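The values are calculated or read from the model by the stated rules, or taken from the named source; none is laboratory data. The shown structure was predicted, so the numbers you read here are calculated from the model rather than taken from an experiment. Using ideal geometry, Cβ is built from the backbone for each residue, glycine included, and neighbour counts are taken over all protein chains shown. The accessibility values were calculated without ligands, DNA or RNA, using every heavy atom of the protein model including side chains. Shrake-Rupley method; radii C 1.70, N 1.55, O 1.52, S 1.80 Å.
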Amino acid sequence: MELREFNNQVHPTPDYPSPYGSQHSLRLRTAPAPAQDTSAVQFDWASPPEDAEDSNEPQNLRELPLHMGLKRAVWQVQQMRVPVVSSSWNIKQSQTFRRFFEVAKYILSYFVLWKRGIQRIGGHFGGGVQSYFLFLRFLVILNFLSSLLIAAFVLIPSVVFRSMNLNSTLSTVNLTNNLTGVDICLQYDPKPDTLIVFITYFLDLISGTGFMEYSYLFYGYYNNSMIESKGFSYNIPLAYLLTAAFYFLFCFICMIIRMGGTARVAVVTGGGTTGGYSMLVFTGWDHGLQGDGATKLKQNNFRYRLQVDLEEERLKKRAASLTLGQTVSLYALRVFLNIVVLILIGATFYGIAEATLFSQTKKTTGFTGLLWQYLPSMVITASNFVVPLLCDKIALLEKYSPSTTVILALLRAVFLRLVSLGVLLYTLWEQITCKGNIDDEKCIPCNYSYVQYKCWETRVGQEMYKLTLFDFLITIATLILVEFPRRIVVDRCSCKLTQWVGRQEFLVAPNVLALVYSQTVVWTGALFCPLLPFINTIKFILFYYCKKITLFQNCQPATRNFRSTTSNFFFLLVLLFGWMLASIVLLYSVAKIHPSYGCGPFRFFPTMWEVVPEAVKMLNSTSAGFLFYIGSQKFSIPLFIFSCVLLCYVSALTSVHGKSVALLKSQCKQEQRDKQFLVRQIEELNAIMQKDQRDPQQPQRETEPLYHTATRWNQHDNYAFDPNENPRPY
């Protein structure tokens with residue numbers, strides 16, 4: 001038997017088809033029947049497939065395990081057997097719809113925000129940096145849609161009703177409320193004087209006071225009225241509260257949907273660790289690329305992804321070679337460094353609390369007053385810059401893999417940024433509620449500190465507004481005063497110091513955390529500053545162009561990359577933590593703290609939530625009874641049980657899918673072992689044949705058993721496949 005015949009048996013061709021199936025290993029496949037003719041392809045052209053006997057539709061050729069020439073022949077036969085009258089119109093209609101959807105999808109791809117720019121970034125700097133810009137685009141779209149929601153139900157109705165002077169009725173919890181003891185709480189007049197200098201306008205714009213305080217930007221400008229005109233009624237307090245609730249719910253749904261899509265990608269790819277090289281080399285190339293520029297971008301993207309995989313494999317190999325003493329020393333070092341990090345974060349929290357108390361007690365004007373007002377923002381921004389930088393230097397001593405280092409840096413930065421914001425809010429709540437003691441002299445008449453906070457909701461909104469604005473100003477100042485000068489000095493100066501410093505690297509972890517922090521600030525202040533999502537939309541759009549400019553002009557590719565598949569899911573998980581913090585602030589403000597008497601749509605209500613039952617009582621008896629039933633235990637307990645059952649079902653379904661994925665992975669590994677076995681046998685065969693060619697006098701009987709090595713597993717072991725039986729080793 002010649003080598004060509006052996007290769008045709010191992011790798012079947014149309015002339016030498018393989019008698020073996022594709023489901024079992026080579027070691028467990030049965031031998032073919034002796035009477036079977038394997039010299040030609042046997043195909044019954046007249047008989048339809050077994051699963052398509054009663055169907056007039058042609059079988060999907062993609063599912064057939066045939067080569068392209070045979071599939072083309074089957075397709076021609078199917079075209080001859082398809083009834084022209086009954087199916088030709090359906091086929092043409094399906095093709096027309098398919099082409100229409102393809103054209104529509106192609107046209108809509110041009111309307112994807114920043115599509116080409118983000119693809120160019122991914123080609124130059126890898127998937128990690130590209131994931132940052134994808135995350136930024138998601139936040140821009142989320143804030144824009146949220147701004148439309150708030151504008152449609154709160155801003156535009158308030159502007160229209162105020163301009164048309166429609167009839168309005170005051171909404172109160174109880175018309176018999178005795179307001180004689182709270183006259184002092186109604187004193188709130190933030191309207192500025194008409195004659196002021198320009199510098200005052202600038203200070204008011206930066207701090208949110210003066211003409212900015214009494215505007216649609218903040219909570220205190222909205223009325224507590226219900227508009228009634230010709231059978232139409234609109235309850236502004238109810239719309240204000242429900243819009244805030246739906247805004248939070250809408251953001252939560254968008255995050256869950258995006259997390260689901262990212263999690264599916266991570267599960268399918270095995271977190272980027274299983275078969276990553278094969279998928280990247282054999283299926284990662286885009287054959288539709290045109291031009292040298294697009295090709296070079298794709299090659300750069302591949303290089304960075306391979307760099308991440310190789311670095312992680314190197315660190316795993318090093319960790320596996322550590323002795324017991326080295327492992328104990330490494331873990332002891334990590335524990336000590338974590339204690340140091342916690343001490344740094346605790347000192348930061350204490351500094352933020354003291355800065356907030358100091359800024360609330362200072363009563364100065366001008367630039368000095370502006371400086372004291374921005375003191376908490378300055379301390380938070382400085383701590384968010386210095387402490388994560390120290391934590392990153394500490395993390396280098398812990399010797400984690402690149403992906404683990406990024407995740408650890410994210411966790412520490414998340415804890416620092418989000419809890420810093422929580423410390424600021426907690427300090428404000430203590431000052432507003434007289435440290436929780438409503439019997440304090442400052443809180444006796446109004447149930448809140450009316451002397452210092454005549455409209456405490458607007459004050460909280462101003463703090464969130466200043467945090468958002470200060471974060472934007474710091475980013476622009478860093479771009480102009482630090483990043484561009486650093487690039488100019490590094491490019492023009494050739495001294496050792498500048499070459500050691502080098503160009504700036506675009507670090508994904510701190511940049512992503514900056515976005516999460518900004519979005520959390522917006523969620524926290526959305527109830528007290530309704531236009532804050534719109535301001536954040538403009539801010540993030542400017543962020544994109546600023547970051548893109550500094551990325552291509554000032555930055556170099558990072559030396560320590562990470563895998564973007566799992567990090568995208570982690571970014572959204574961190575964003576979900578920020579949403580939870582903002583939700584806690586919203587619930588506490590709505591349910592516990594007494595609203596201000598002198599401003600806002602909830603004045604004279606004991607809590608903001610009281611507007612909901614009062615609005616329900618104004619409905620007819622059927623609607624009110626239905627809504628009260630939804631809020632009762634008769635409905636909530638069965639709903640909770642149904643949710644638990646549904647959760648158990650989804651968990652079981654996830655487990656089944658996980659086992660299926662594991663089974664498919666094991667089958668892929670088994671096929672890889674089979675191919676490696678065949679390659680080894682072919683190499684041995686080639687070596688023996690080369691030896692025979694050099695020594696033609698050697699008998700051929702010694703080499704003949706090796707020709708049939710690939711089939712001897714089946715010839716000597718002709719038994720049925722048992723899945724419970726362990727396969728025999730090579």
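Remark: pairs (first residue in segment 217-234, in a loop (DSSP other than H, G, I, E, B); second residue among the polar types (S, T, N, Q) and open to solvent by 50 Å² or more (accessible area, probe 1.4 Å); Cβ separation under 7 Å; 6+ apart in sequence or on different chains) are absent. So for segment 611-628 (the condition being exposed (fewer than 12 other Cβ atoms within 10 Å of the Cβ) and under 30 Å from residue 456 (Cα atoms)), does at least one residue qualify? Looking through segment 611-628, at least one residue is exposed (fewer than 12 other Cβ atoms within 10 Å of the Cβ) and under 30 Å from residue 456 (Cα atoms). Against the conditions (1) free of Cβ contacts under 8 Å to residues at least 60 places away in the same chain; (2) open to solvent by less than 50 Å² (accessible area, probe 1.4 Å), residue 467 satisfies every one except (1).
Anything in segment 57-71 that is loosely packed, with under 12 Cβ neighbours inside 10 Å and either more than 21 Å from residue 92 (Cα to Cα) or at pLDDT 70 or above (or both)? List them, or say none.
Residues of segment 57-71 loosely packed, with under 12 Cβ neighbours inside 10 Å: 57, 60, 62-63, 65, 68-69.
Correct list: 63, 65, 68, 69.
When segment 115-168 is filtered for residues that are more than 29 Å from residue 528 (Cβ to Cβ), of a type in the set (S, T, N, Q) and buried (at least 18 other Cβ atoms within 10 Å of the Cβ), the ones remaining, listed by number, are 130, 131. Considering 354, 311, the condition of being over 22 Å from residue 470 (Cα atoms) and either part of a helix (DSSP H, G or I) or open to solvent by 60 Å² or more (accessible area, probe 1.4 Å) (or both) is satisfied by 311 alone.
Of 522, 516, 489, all but one fail to be in a helix (DSSP H, G or I), over 35 Å from the mean Cα position of the chain (by Cα) and either among the acidic types (Asp, Glu) or at pLDDT 80 or above (or both); the exception is 489. Restricting attention to segment 378-401 and to residues that are among the hydroxyl-bearing types (Ser, Thr, Tyr) and out of contact with any Ser or Thr (no Cβ under 9 Å at 6 or more places or on another chain), the residue that is most open to solvent (accessible area, probe 1.4 Å) turns out to be 400. Restricted to segment 521-551, and to residues that are open to solvent by less than 50 Å² (accessible area, probe 1.4 Å) and aromatic (Phe, Trp, Tyr), which residue is farthest from residue 459 (Cα to Cα)? For segment 521-551, the residue satisfying everything is 544. Within segment 96-114, the residues that satisfy the criterion of being surrounded by 10 or more Cβ atoms within 10 Å (Cβ to Cβ) and charged (D, E, K, R) are 98, 99, 102. Which of the following residues is without any contact (Cβ under 8 Å) to a residue 24 or more places away in the chain and among the β-branched types (Val, Ile, Thr): 341, 379, 328? Among 341, 379, 328, only 328 is without any contact (Cβ under 8 Å) to a residue 24 or more places away in the chain and among the β-branched types (Val, Ile, Thr).
Considering segment 618-646, the residues that are part of a helix (DSSP H, G or I) and among the hydroxyl-bearing types (Ser, Thr, Tyr) include one that is nearest to residue 238 (Cα to Cα), namely 623. Contact map, segment 644-667: residues that are closer than 19 Å to residue 260 by Cβ and open to solvent by 70 Å² or more (accessible area, probe 1.4 Å) paired with residues that are part of a helix (DSSP H, G or I) and of a type in the set (A, V, I, L, M), Cβ distance under 9 Å, separation 6+ or inter-chain. Pairs shown: 657/267. Screening segment 672-714 for residues that are exposed (fewer than 10 other Cβ atoms within 10 Å of the Cβ) and not in a helix (DSSP H, G or I) and picking the one that is modelled with the highest pLDDT gives 695. Residue 401 meets the stated requirement of being at pLDDT below 85 and under 28 Å from the mean Cα position of the chain (by Cα). Being part of a helix (DSSP H, G or I), at pLDDT below 80 and more than 27 Å from residue 248 (Cα to Cα), is that true of even one residue in segment 112-121? Within segment 112-121, not a single residue is part of a helix (DSSP H, G or I), at pLDDT below 80 and more than 27 Å from residue 248 (Cα to Cα).
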